[in-house]
Amino acid sequence: MTGSTGYHAGQSAELSVAKSYMARGFQITAQRFKTKSGEIDLVAEKNGDIVFIEVKKSSSHRCAAERLLPRQMKRIYATASEYLATCPNGQDTNARFDVALVDGAGQIEILENAFTA
């Protein structure tokens, strides 16, 4: 998917993932959080813990997972660091990085703690 179609499919996938996290008691604190370092699709919070969520949509979960590249992970880390700097506990805030895979049928697979620094 490219252009407008890909953009809208990505937005739809992000909305579905956000609803999934909210159904599990998370509050979405940021959507498409952008800094000079990069962008994080969703940021969620529950009981003071922060979850940075990268949403990947493709025809299958496997294909979606293959779209997360090391350089993108590096940008996500840098952006998350900037986000954590705004939190009361700063870099000491409990945080994790999840990847939410969305397939062509709209099914969501969440990989908690998908990558670590």
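The values are calculated or read from the model by the stated rules, or taken from the named source; none is laboratory data. Quick caveat: nothing in here was measured; it's all calculated off a predicted structure. As a convention, Cβ positions derive from the backbone with ideal geometry for all residues, glycine included, and neighbour counts pool all protein chains shown. What goes into the accessible areas is simple: the full protein's heavy atoms, side chains included, and nothing from ligands, DNA or RNA. Shrake-Rupley method; radii C 1.70, N 1.55, O 1.52, S 1.80 Å.
Here are the numbers for this structure:
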item: Restricting the range 99-117 to residues that are open to solvent by less than 50 Å² (accessible area, probe 1.4 Å) and over 14 Å from the mean Cα position of the chain (by Cα), the residue that is nearest to residue 20 (Cα to Cα); result: 106
item: Search result, residues across the range 83-98 that are open to solvent by 40 Å² or more (accessible area, probe 1.4 Å), within 14 Å of residue 51 (Cα to Cα) and out of contact with any helix residue (DSSP H, G or I) (no Cβ under 6 Å at 6 or more places or on another chain); result: 92, 94, 95, 96
item: Count of the range 65-109 residues which are in a helix (DSSP H, G or I) and within 18 Å of residue 32 (Cβ to Cβ); result: 12
item: Verdict on residue 13 being under 13 Å from the mean Cα position of the chain (by Cα), among the small types (Gly, Ala, Ser) and either at pLDDT 95 or above or not in a helix (DSSP H, G or I) (or both); result: no
